[in-house]
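The values are calculated or read from the model by the stated rules, or taken from the named source; none is laboratory data. Remember, predicted model here, so these are calculated numbers, not experimental data. Neighbour counts run over all protein chains shown; Cβ positions are idealised from the backbone, glycine included.
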Amino acid sequence: MKPAAVADVRLTTYNKRVYEPSDDSFALVDALLTHDWHIKRPRLCVEVGCGSGYVICSAARLLEQHGIRAHCIASDISSAALQATQETLVAHSVACVDLVQGDLLSPFLPGFEHKVDLLIFNPPYVPTPDEELSRTDIARAWAGGNRGRVIIDRFLPQVKDILSPEGFLYMVTVMDNNPAEILQLLAEDGIEGKVVLERAADEEALRILCCWRI
Amino acid sequence: MKLLTHNMLSCHIKGVKNGYPFKIDPVKIEEMDADYDPDFLRHIYPRLEWPALREAAQVMGEPNLPEEVTESMLQNDEEFLRHFHHALLELILEEGALVCPETGRRFPVHKGVPNLLLHEDEV
């Protein structure tokens, strides 16, 4: 079998206002590559914080290669990121993705309650002083506050509300975020999960989580 | 933005109780060909609010969706499925606004992207 074609970095838009696809993005896409798409065929996919669009574009291409027709929605708080994602999608001739400008999952609740089969999140996970969180430049793409958990912890309580009964969450973390504790918090909401990919990158110990409803 | 996305969005301003569905105020509508896949339509149908889709489709220029949908229509009514497909996936709200049915708050749609960010006093 030929290797699956994900998004091409050369066709991906990024700039000084939009985070460049990096080790964390590649690890997340590699984790998606290991997913068994045919157990439950996702029909509705949401990526929160789409940035350059590299990940949602890769997901859309994977779905297509597996013969799965799905509707995808990508959101970001940054209009520059959404414009970049739009350009990345056009460059890859991907048309099944709608874009929404919003803050984390707030635009999707209650409307998407228990409807999302595949939820993808590459959060701002880098530990920073909490003051960094109020910046509105590209720092917003990575600044995660104390332990890199401030944005992640706003996101986690909504996962149980948005995942469909067959839904999966794929999410980037690093060891600084304490992924074991994140999995514990999700378990308290009836969401089971595990680390599906470990990778050492520049000064980061990446841990990609895959979670599902029990 | 396709009407499939519209069908699942609601106004999330704090305190709003009847923020669904958004009214559509279209300025520019585009039509895009999408691959016709009745199997997808059958799978996505149970997650849709049909009256909201029907009303949105009328505003967007597809007046042929019926009030009621039956299982046999979903299985083998080709004409119905074609209209359903067109409304759900081929009509794009490119410019305009989504309007909260309770407060009248307008969320602008620009280049096909709705801006659903809230103001500080709405969170």
Just to be sure I understand, how many residues within segment B:1-57 are outside any loop (DSSP other than H, G, I, E, B), of a type in the set (D, E, K, R) and more than 9 Å from every other protein chain (Cβ to nearest Cβ)? 8
Which numbered condition B:Pro101 misses (of (1) closer than 24 Å to A:Ser79 by Cα; (2) at pLDDT 95 or above; (3) within 14 Å of chain A (Cβ to nearest Cβ)): (1)
Members of segment B:93-107 that are part of a loop (DSSP other than H, G, I, E, B) and either among the polar types (S, T, N, Q) or more than 15 Å from B:Lys14 (Cα to Cα) (or both): B:Thr103
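Which fully enclosed strands (runs of 3 or more DSSP E) of segment A:129-214 have 1 or more residues being among the polar types (S, T, N, Q)? Reasoning before the result, please.
Values: elements: A:163-174, A:191-201, A:204-213.
Strands (runs of 3 or more DSSP E) meeting the threshold: A:163-174.
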Restricting attention to segment A:1-15, report how many residues are under 30 Å from A:Ser164 (Cβ atoms) and either of a type in the set (Ser, Thr, Tyr) or crowded, with 18+ Cβ neighbours inside 10 Å (or both). 3
In segment B:64-92, how many are modelled with pLDDT of 95 or more and outside any helix (DSSP H, G or I)? 9
Give the residue that is surrounded by the most Cβ atoms within 10 Å (Cβ to Cβ), with candidates limited to residues of segment A:59-79 that are over 17 Å from the mean Cα position of the chain (by Cα) and more than 12 Å from chain B (Cβ to nearest Cβ). A:His66
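So how many residues does segment B:108-123 have that are β-branched (Val, Ile, Thr), in a loop (DSSP other than H, G, I, E, B) and at pLDDT 95 or above? Quick ask: steps written out before the conclusion?
Quick first cut of segment B:108-123, residues β-branched (Val, Ile, Thr) only: B:109, B:113, B:123.
In the following step, the residues that additionally are in a loop (DSSP other than H, G, I, E, B) were identified as B:123.
When the remaining residues are screened for being at pLDDT 95 or above, the result is none.
Residues that pass the stated criteria total 0.
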Scan segment A:105-127 residue by residue and report those that are part of a loop (DSSP other than H, G, I, E, B) and surrounded by fewer than 19 Cβ atoms within 10 Å (Cβ to Cβ). A:Leu109, A:Pro110, A:Glu113, A:His114, A:Pro127
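In segment A:7-32, what residues are within 14 Å of the chain's Cα centre (by Cα) and not small (Gly, Ala, Ser)?
Going through segment A:7-32, the residues within 14 Å of the chain's Cα centre (by Cα) turn out to be A:19, A:21-32.
The answer is A:Tyr19, A:Pro21, A:Asp23, A:Asp24, A:Phe26, A:Leu28, A:Val29, A:Asp30, A:Leu32.
Matching residues to (1) free of Cβ contacts under 8 Å to residues at least 24 places away in the same chain; (2) touching a Lys or Arg at 6+ places or on another chain (Cβ under 9 Å); (3) within 14 Å of A:Asn122 (Cβ to Cβ):
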{"site": "A:Gly145", "(1), (2), (3)": "yes, no, no"}
{"site": "A:Phe155", "(1), (2), (3)": "no, no, yes"}
{"site": "A:Ile162", "(1), (2), (3)": "no, yes, no"}
{"site": "A:Asp189", "(1), (2), (3)": "no, yes, no"}
{"site": "A:Ala201", "(1), (2), (3)": "no, no, yes"}
{"site": "A:Arg207", "(1), (2), (3)": "no, yes, yes"}
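Please find, among A:Val55, A:Val18, the residue that is closer than 30 Å to A:Ser134 by Cβ, at pLDDT below 95, crowded, with 22+ Cβ neighbours inside 10 Å and touching a helix residue (DSSP H, G or I) at 6+ places or on another chain (Cβ under 7 Å). Walk me through it before giving the result.
Details: A:Val55 fails: at pLDDT below 95.
Only one candidate qualifies: A:Val18.
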Within segment A:82-125, how many residues turn out to be more than 11 Å from chain B (Cβ to nearest Cβ), under 15 Å from the mean Cα position of the chain (by Cα) and under 10 Å from A:Cys50 (Cα atoms)? 4
Which of (1) within 29 Å of A:Glu64 (Cβ to Cβ); (2) of a type outside the set (A, V, I, L, M); (3) surrounded by 16 or more Cβ atoms within 10 Å (Cβ to Cβ); (4) within 13 Å of another protein chain (Cβ to nearest Cβ) is the odd one out, the single condition B:His83 does not satisfy? (4)
